[in-house]
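To keep things clear, I will list the structure first and then write my remarks on it.
The values are calculated or read from the model by the stated rules, or taken from the named source; none is laboratory data. These numbers were taken from a predicted model, which means no experiment stands behind them. Here the Cβ positions follow ideal geometry from the backbone for every residue, glycine too, while neighbour counts run over all protein chains shown. These area figures cover heavy atoms from the full protein model, side chains too; ligands, DNA and RNA do not enter into them. Shrake-Rupley method; radii C 1.70, N 1.55, O 1.52, S 1.80 Å.
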Amino acid sequence: MSETIFTKIINKQIPADILFEDDRVLAFKDISPQAPVHFLVIPKKPIATTNDIQAEDEAVVGYMHRIAARIAAELGVAGDGFRTVMNCNAHGGQTVYHIHLHVLAGKPLGWPPYQERLKE
Ligand code: AMP
């Protein structure tokens, strides 16, 4: 897999607003936030897309979600709620080919079923 900008962030070759780091994952604010709170959780292991997640990666992918929830709680948005998104390949809108969990929060987020429910 060719190196992405996220490898450079992991290696501290370029700066990021880091929220959490340990030996397995890194979490940092998205440079182009799509909600009042928008951060990314990435594995330190470079996995290109969701299609490339192997059985041996299952633990770190689950851990990414636990870290997402922990940071959301620290930022005070866990109770109101948040959205996690992992885009895959072109049709999914993926632009950086190192898997990352988007965590979006801080306001009610648009979603068709939610909008429909509001109309009922
Ligand atoms: P995706 O389109 O799902 O691959 O998401 C890639 C995300 O990475 C986008 O939301 C970008 O705004 C974000 N991003 C790209 N470069 C950086 C960077 N240097 N620091 C923080 N976030 C970044």
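Could I get the Rg over Rh figure for the stretch 5-119? Both from C-alpha atoms, Rh via Kirkwood, rounded to two places.
In the stretch 5-119, Rg relative to Rh is 0.97.
Quote the FRET efficiency, to the nearest 0.05, computed for GLU3 versus CYS88 with a Förster distance R0 of 30 Å and r equal to the Cβ-Cβ distance.
0.95
What is the extension gain from LYS12 to LYS29, computed as 0.36 nm multiplied by their sequence separation minus the C-alpha to C-alpha distance, in nm to one decimal?
4.7 nm
Ignoring ligands, DNA and RNA, please state the percent of accessible area on the chain from carbon and sulfur, probe 1.4 Å.
53
Between LYS45 and THR95, what is the spin-label point distance in nm, taking each point 7 Å from the Cα along the Cα→C-beta axis?
Label-label distance for LYS45 and THR95, simple model: 2.8 nm.
Simple spin-label model, 7 Å along Cα-to-Cβ: LYS107 to GLU56 in nm?
4.4
If one takes the longest principal axis of the Cα atoms in the chain, at what angle in degrees, from 0 to 90 and to the nearest 10, does the Cα axis of helix 58-74 lie?
Approximately 50 degrees, to the nearest ten.
How would you rank 72-78, 98-104, 13-19, highest first, on the average number of other Cβ atoms within 10 Å across their residues?
98-104, 72-78, 13-19
Give me the distance in nm between label points sitting 7 Å out from Cα along the Cα-to-Cβ direction at GLU21 and HIS65, one decimal.
2.7
How would MET64, MET86 line up by accessible area, probe 1.4 Å, largest first?
Listed by decreasing accessible area, they come as MET86, MET64.
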